[in-house]
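The values are calculated or read from the model by the stated rules, or taken from the named source; none is laboratory data. Keep in mind that what you see is a predicted model, and the values were worked out from it rather than measured. A quick note on method: Cβ atoms are made from the backbone with ideal geometry, for glycine too, and the neighbour counts reach across all protein chains shown.
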Amino acid sequence: MEALLFYLFASLTLICGLLVVANPLTRNPVTSAMFLVLTIVSMAGLFVLLHAFFLAAVQVMVYAGAVIVLFLFVIMLLDIKSVEQKGFNPLSLFMGLLGLLAVGGMVIQSILRSNVGQGLKPQLEGATKELGVELFTHYVLAFEIMGVLLLVGMMGVILLSKKDLK
Amino acid sequence: MIGLEHYLIVSALLFSLGMMGVILRRNLIVIYMGLELMLNAANLALVAFSRFNNSMDGQVMVFFVITVAAAEVAVGLALIVALYRKRQSTEVADLTTLKL
């Protein structure tokens, strides 16, 4: 059952990921954003299979809820009409496929040859309470810095969005 | 039996898909989506390592990565909007000079 769900979510993630970057039917950024939502949601399914329930919820809320909405806002705000309808530049298609094969092949080869998962059992029960305790004791400084980072990011966005950008 | 290497292979494939998107696509917004795919692939690998090594650190790291990704997307999209106001384009081919 778990294997079946894994293959279902993994194939869904990869197919939707492929349709985000290279949809054969359309070059519309809105379609890419919608397939990105599907990718994120099926990846949340993989997180659930890994017993990371809180992270699955955060993944859906932050990515599918906030980040994609931001993407769609910007796409609609800019109202890009002249979507590139022509096919891909052959050189960049070649380089993209080469990069895909090189990086994917290299990493998968090294994963298979190193026997990285040999003898490891899935054992961590990713309870939300433990995650919270870890976050607020061991990683509390990083957590505070993250708050400052979000504040700085917000100020930067407000500054950049001003009409008369110097 | 689904082991660690299954998740790592999915993660590697997703990362290379994201990289292909960054190389292949000419639209800045879609390039950003490729970056998001790459960050998500790293998240998947971290969660898998965390589960199979019985340590919570990977999940805490994923939490931080999600936060940084949210901030990065907000700033990046604001930059794209600012660029669009100057140039009326989000194609990378039109944005080849540093001068505004």
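Just one of the numbered conditions (1) without any contact (Cβ under 8 Å) to a residue 40 or more places away in the chain; (2) within 12 Å of the chain's Cα centre (by Cα); (3) buried (at least 22 other Cβ atoms within 10 Å of the Cβ) is not true of B:Val73: (1). Every condition in (1) in a helix (DSSP H, G or I); (2) within 7 Å of another protein chain (Cβ to nearest Cβ) is met by B:Asn54 except one, and the failing one is (1). Among the residues of the stretch B:54-100, those identified as more than 30 Å from A:Ala56 (Cα to Cα) and out of contact with any helix residue (DSSP H, G or I) (no Cβ under 9 Å at 6 or more places or on another chain) are B:Arg85, B:Lys86, B:Ala93, B:Thr96, B:Thr97, B:Leu98, B:Lys99.
Taking the condition of being surrounded by fewer than 16 Cβ atoms within 10 Å (Cβ to Cβ) and either modelled with pLDDT under 90 or at the interface with chain B (Cβ under 8 Å from one of its Cβ atoms) (or both), how many residues in the stretch A:1-24 meet it? Quick ask: steps written out before the conclusion?
Step one: list which residues in the stretch A:1-24 are surrounded by fewer than 16 Cβ atoms within 10 Å (Cβ to Cβ), which gives A:1-5, A:7-8, A:11, A:15, A:23-24.
Going one step further and asking which of them are either modelled with pLDDT under 90 or at the interface with chain B (Cβ under 8 Å from one of its Cβ atoms) (or both), we end up with A:1-3, A:23-24.
Of the residues in the stretch A:1-24, 5 are surrounded by fewer than 16 Cβ atoms within 10 Å (Cβ to Cβ) and either modelled with pLDDT under 90 or at the interface with chain B (Cβ under 8 Å from one of its Cβ atoms) (or both).
Here A:Phe94 clears all of (1) surrounded by 13 or more Cβ atoms within 10 Å (Cβ to Cβ); (2) touching a helix residue (DSSP H, G or I) at 6+ places or on another chain (Cβ under 8 Å) except the condition numbered (2).
Determine whether B:Glu72 is of a type in the set (Asp, Glu), more than 7 Å from every other protein chain (Cβ to nearest Cβ) and assigned to a helix (DSSP H, G or I).
Working: of a type in the set (Asp, Glu): yes; more than 7 Å from every other protein chain (Cβ to nearest Cβ): yes; assigned to a helix (DSSP H, G or I): yes.
Taking the combined requirement at face value, the residue satisfies it.
Quick check, is A:Val116 assigned by TED's automatic domain parsing to the domain that holds A:Leu36, surrounded by 12 or more Cβ atoms within 10 Å (Cβ to Cβ) and among the aliphatic types (A, V, I, L, M)? Spell out the reasoning first.
Values: assigned by TED's automatic domain parsing to the domain that holds A:Leu36: no; surrounded by 12 or more Cβ atoms within 10 Å (Cβ to Cβ): yes; among the aliphatic types (A, V, I, L, M): yes.
Spelling it out, it is not the case that A:Val116 is assigned by TED's automatic domain parsing to the domain that holds A:Leu36, surrounded by 12 or more Cβ atoms within 10 Å (Cβ to Cβ) and among the aliphatic types (A, V, I, L, M).
For B:Met38, only one of the following conditions fails: (1) assigned to a helix (DSSP H, G or I); (2) more than 15 Å from A:Met43 (Cβ to Cβ). What is its number? B:Met38 satisfies all of (1) assigned to a helix (DSSP H, G or I); (2) more than 15 Å from A:Met43 (Cβ to Cβ) except (2). Is one or more of the residues making up the stretch B:77-87 in a loop (DSSP other than H, G, I, E, B), facing another protein chain (nearest Cβ under 8 Å) and surrounded by fewer than 24 Cβ atoms within 10 Å (Cβ to Cβ)? Within the stretch B:77-87, not a single residue is in a loop (DSSP other than H, G, I, E, B), facing another protein chain (nearest Cβ under 8 Å) and surrounded by fewer than 24 Cβ atoms within 10 Å (Cβ to Cβ).
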